[in-house]
2 protein chains.
Amino acid sequence: MITINEIAQRANVSRTTVSRVINHSGYVSEEVKRRVLKVIEETGYVPSENAKSLRTKKTKVIGVILPKISTETSSRLVKGLDEIFAKEGYQILLANTNLDPEKEIEYLRLLKSRHVDGIILSATNINSPLVEEIYQLKIPFVTVGQHIPGLANVIFDDYQASKDMVHLLINKGYKNIAFIGVDEEDRSVGYLRKLGFLDAMKEKHLPVEESWVQKGIFDVDSGYECMKSIMDTSKRKPTAVLAVTDRLAIGALQYIKETGMSIPDDIAVAGMGASELSRFISPPLTTIEFSMKDAGREAAGLLLEQINGENDHEIIRKIKYRLLERSSI
Amino acid sequence: MITINEIAQRANVSRTTVSRVINHSGYVSEEVKRRVLKVIEETGYVPSENAKSLRTKKTKVIGVILPKISTETSSRLVKGLDEIFAKEGYQILLANTNLDPEKEIEYLRLLKSRHVDGIILSATNINSPLVEEIYQLKIPFVTVGQHIPGLANVIFDDYQASKDMVHLLINKGYKNIAFIGVDEEDRSVGYLRKLGFLDAMKEKHLPVEESWVQKGIFDVDSGYECMKSIMDTSKRKPTAVLAVTDRLAIGALQYIKETGMSIPDDIAVAGMGASELSRFISPPLTTIEFSMKDAGREAAGLLLEQINGENDHEIIRKIKYRLLERSSI
DNA sequence: CTGAAAGCGCTTACAG
DNA sequence: CTGAAAGCGCTTACAG
């Protein structure tokens, strides 16, 4: 490992001077500069970011905490983040919690110990020890997808999006609408989307049978099972089903197809998330596009502002969503 | 920012001692240990990894260079990597080249300057300046997906996989097989898969019309265009088409469906990659599963071995693949 | 069992 | 325009 001292020696200058030419700071005569640059070139010297950040207190690294690493949601989010951060010379340090709440806290500390310049958290379940930890962090911080009071938030209007979808279904003439949700611990996807569904139905005075409302987990098989369960246990069969994620919707769709019923004539299906699958499945799935890439860009922007000392109060930035009406309804 | 000095002061010991209790190294009396631990607890002190690595020369960070950040391939690879690395306390620093060859070299240097303990490169195009740079790096290094002589490689047998798929098609009775490839600069996906196709056809003495062989890029639309071009320009129409990625195959499939032809009766379609789409598209797509997750695990393992001073010679680890025969052929 | 001191590779006032 | 010195927050021989 070649160091600044070695460059200084070889170029016959002090390491102060070498530092100055590397960082384009302070005055250095043209001749000396050339000499130093030449030695750097020859040796292939690369300054140690570690040593540098020990002094400057800046690492140019952003910690990104993800609940799952290989989902479409996460990878689009990271793409959006990286788009902005890379431009400003920041790199992303990944922390994958695998949905383990303890890991969230653990990684928060780890990222702090690595002196990242900021943290982006894409959480599913927000619990109070986590929030406590975040408040004590004193590091630029932005959360995506879930609201945490007092911090910078980039979120979607899950409640309204869900309502909008129900309205769309109702406008198309569907009245008996079933619902496949997820655990309400997940406030955005589990609680708010369900609430939007229930409120929309209530406002239109449409009854919701208990058996029409099922709770699954985040995968296709679970959607399949939920749909089966809806059909098996309901006296009055629904004519439409809304699932809080596309994967759940696609599972439901598979079950319906298997039983020989037709979509949307016998049952309409709608999802949320605008996964790539939704476009290519047959029939194409009606869904809601939440642009995670935009969310990522927005979150990166907010974090950068905090790093530059602006906007250290609560911010709630809602990302627009779009209803994608396709032939499954 | 609270430091080891402050802990030492508060606990009335030297920072040497604090260091010892943090790292469980050397003797510390039970009583002193308790005192130090208590202060650490109270203050929420987290040692600076930066300062630590400046001394120890270890960062516990692995640099991962990806050609594209939000593809299924990349995210599965990262998942496999993270699975192994996280267990050993390593974190991943992401570097996304967006297919820009200059960025590969730039990031190689950047990662070096950050003193990552090792680098994983998932490259598409290997050029000689890049290879030169890698050889000079002197950092534990593993490449995934493309072969680089003299280094540790985790690859798939693209040539044989392609051949196997052609044999499968031939065994099913297809003789006029078209091919949608990508630029041969990409040695694995572009060159080797095409060569496998051509050799398999040649060995069975099956002619390949020039118009049957098209070159696209990595997306669905491109597959659509290639298929259109095959059908428009061929006097003798093919009865099957093999595409080097699932997305290309799905584009082809869309075009075929649009023209009212039936799959596989009029034309059979096969892809490669076992994307999630391939399972849910209709008809389900015959494809080849290259497990990127396994590749990731394997690559992480090899890198860890190098970090521990083993296996610094060339290694070629081939990851198994599986033919997934589905109703598109 | 404990601590003083040197050193990791940088940057940054300060002085000249 | 240039350099000597202090210091960032740790670890690690060395000495006691």
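In this structure, the pairs whose alpha-carbon distance is over 24 Å, taken from A:79/B:293; A:87/B:103; B:58/B:138; A:79/A:215, are A:79/A:215.
For peptide B:190-203, how many partner chain Cβ atoms fall within 10 Å of a residue's Cβ, on average?
Values: counts 0, 0, 0, 0, 0, 0, 0, 0, 0, 0, 0, 0, 0, 0.
The mean count of partner-chain Cβ atoms within 10 Å per residue comes to 0.
With a 1.4 angstrom probe, the accessible area lost at the A-B interface totals about 4100 Å².
Cβ neighbours within 10 Å, averaged per peptide: list A:86-93, A:241-248, B:108-115, B:125-132 in order, most packed at the top. Walk me through the numbers on the way to the answer.
Details: A:86-93: 17.4, A:241-248: 29.5, B:108-115: 20.1, B:125-132: 14.0.
Ranking the peptides A:86-93, A:241-248, B:108-115, B:125-132 by packing returns A:241-248, B:108-115, A:86-93, B:125-132.
Each peptide in A:257-268, B:305-316 receives the mean, over its residues, of other Cβ atoms within 10 Å, and ordering these scores from highest gives A:257-268, B:305-316.
Taking every residue in B:108-114, how many Cβ atoms of other protein chains lie within 10 Å of its Cβ, on average? Walk me through the intermediate numbers first.
Details: counts 1, 2, 5, 3, 5, 7, 11.
Mean partner-chain Cβ count within 10 Å for B:108-114: 5.
Solvent exposure of region B:1-149, expressed per residue, is 49 Å² of accessible area, with all protein chains present and a 1.4 angstrom probe. Could you work out how far helix A:101-113 tilts from the main Cα principal axis of chain A, as a 0 to 90 degree angle to the nearest 10? Orientation of helix A:101-113: about 20 degrees from the principal axis.
About the centre of its Cα atoms, chain B shows a dipole size close to 900 debye [charges on the beta carbon of Lys, Arg (+1) and Asp, Glu (-1) only; nearest 20 debye]. Inter-chain Cβ neighbour count for A:64-70, averaged per residue, equals 4 (cutoff 10 Å, partner chain atoms only).
Express as a percent, rounded to the nearest 5, the fraction of DSSP beta bridges in chain A (both residues included) that run antiparallel. All intermediate terms of the calculation are to be shown ahead of the outcome.
Numbers: 4 of 38 bridges.
Within chain A, antiparallel bridges account for around 10 percent of the total.
The protection proxy used here, the mean number of other Cβ atoms lying within 10 Å of each residue, ranks peptides B:1-13, A:72-84 as follows, highest first: A:72-84, B:1-13. Each of B:182, B:171, B:43 was scored by the projection of its Cα onto the charge dipole of chain B, and the greatest displacement toward the positive side belongs to B:43; charges sit on the C-beta of Lys, Arg, Asp and Glu. Using the Karplus relation 6.51 cos²θ - 1.76 cosθ + 1.60 with θ = phi - 60°, the per-residue 3J(HN,Hα) values for region A:192-205 come to 5, 5, 5, 4, x, 4, 4, 5, 4, 5, 4, 4, 9, 6 Hz, with x marking Gly and Pro. The equivalent ellipsoid that matches the C-alpha gyration tensor of region B:161-271 spans semi-axes of 18, 17, 12 angstrom, in descending order.
Rounded to the nearest 20, the Cβ-based charge dipole of region A:179-329 about its Cα centre (Lys and Arg +1, Asp and Glu -1) stands at 500 debye. Distances from residue A:175 to itself in the other copies, using label points 7 Å out along the Cα-Cβ axis, amount to 6.2 nm in increasing order.
For residue A:282, the label point sits 7 Å beyond Cα toward Cβ; its separations from the matching points on the remaining copies run 0.6 nm, from shortest to longest.
Give me the extension gain from residue B:282 to residue B:219: residue separation times 0.36 nm, minus the current Cα-Cα distance, reported in nm with one decimal.
On the way: separation 63, 0.36 × 63 = 22.68 nm, distance 1.80 nm.
Roughly 20.9 nm would be gained on extension.
The 3J(HN,Hα) values that the Karplus relation (6.51, -1.76, 1.60; θ = phi - 60°) gives for region B:181-186 are, in residue order, x, 10, 3, 6, 3, 7 Hz. Gly and Pro appear as x.
The residues neighbouring residue B:190, those whose beta-carbon lies less than 14 Å from its own, together hold a net charge of -1 under the Lys/Arg +1, Asp/Glu -1 convention.
Distance from the C-alpha centroid of region B:142-208 to that of region B:103-130: 27 Å, rounded to the whole angstrom. Neighbours of residue A:24 by Cβ distance under 15 Å: Lys/Arg scored +1, Asp/Glu scored -1, total +3. In chain B, helices alone account for a calculated mean residue ellipticity at 222 nm of -14000 deg cm²/dmol, with every DSSP H run of four or more residues adding -39,500 (n - 2.57).
For chain B, the spread of Cα positions along the three principal axes, ordered from largest to smallest, is 89, 38, 30 Å. In this structure residue A:133 has an accessible area near 30 Å², from a 1.4 Å probe over the protein heavy atoms. Comparing B:279, B:55, B:34 in a Gaussian network model of chain B where C-alpha atoms under 10 Å apart are linked, the largest mean-square fluctuation is found at B:34.
Label-to-label distances for residue A:259 across copies, nearest first, come out at 3.9 nm, using points 7 Å from Cα in the beta-carbon direction. Each residue, residue A:229 and residue A:135, gets one label point 7 Å from its Cα in the Cβ direction; the gap between the two is 3.6 nm. Taken about its Cα centre, the protein assembly as shown carries a charge dipole of about 1080 debye when Lys and Arg each add +1 at the Cβ and Asp and Glu each add -1 at the Cβ.
What is the sum of charges around residue A:102, taking Lys and Arg as +1, Asp and Glu as -1, for the other residues whose C-beta is under 12 Å from the C-beta of residue A:102? Let's see the in-between values first.
Values: positive: A:103, A:109; negative: A:100, A:104, A:106, A:133.
Summing Lys and Arg as +1 and Asp and Glu as -1 gives -2.
The accessible surface of region B:11-163, taken with every protein chain in place and a 1.4 Å probe, is 50 percent carbon and sulfur.
Eigenvalues of the Cα gyration tensor times 5, then square-rooted: what semi-axes does that give for the protein assembly as shown, in whole angstrom, largest first?
Values: eigenvalues 436, 268, 86 Å².
Here the semi-axes work out to 47, 37, 21 Å.
Where does helix B:128-137 land angle-wise versus the long Cα axis of chain B, in degrees 0 to 90, nearest 10? With both axes taken from Cα atoms, the answer is about 20 degrees. Provide the percentage of antiparallel DSSP beta bridges, counting only those with both residues in the protein assembly as shown; round to the nearest 5. About 15 percent, rounded to the nearest 5. Which residues of region B:272-309 show a drop of at least 10 Å² in accessible area when all protein chains are present, compared with their chain alone (probe radius 1.4 Å, heavy atoms only, ligands and nucleic acids excluded)? For region B:272-309, once contacts with the other chains are taken into account, B:276, B:277, B:279, B:280, B:281, B:282 lose 10 Å² or more.
Taking the charge dipole of region B:158-267 about its Cα centre, with +1 at Lys and Arg Cβ atoms and -1 at Asp and Glu Cβ atoms, the residue from B:226, B:159, B:240 reaching farthest to the positive side is B:240.
The values are calculated or read from the model by the stated rules, or taken from the named source; none is laboratory data. Please read these numbers as outputs of a predicted model, since none were measured by experiment. Cβ atoms come from the backbone with ideal geometry, glycine included; neighbour counts cover every protein chain shown. What goes into the accessible areas is simple: the full protein's heavy atoms, side chains included, and nothing from ligands, DNA or RNA. Shrake-Rupley method; radii C 1.70, N 1.55, O 1.52, S 1.80 Å.
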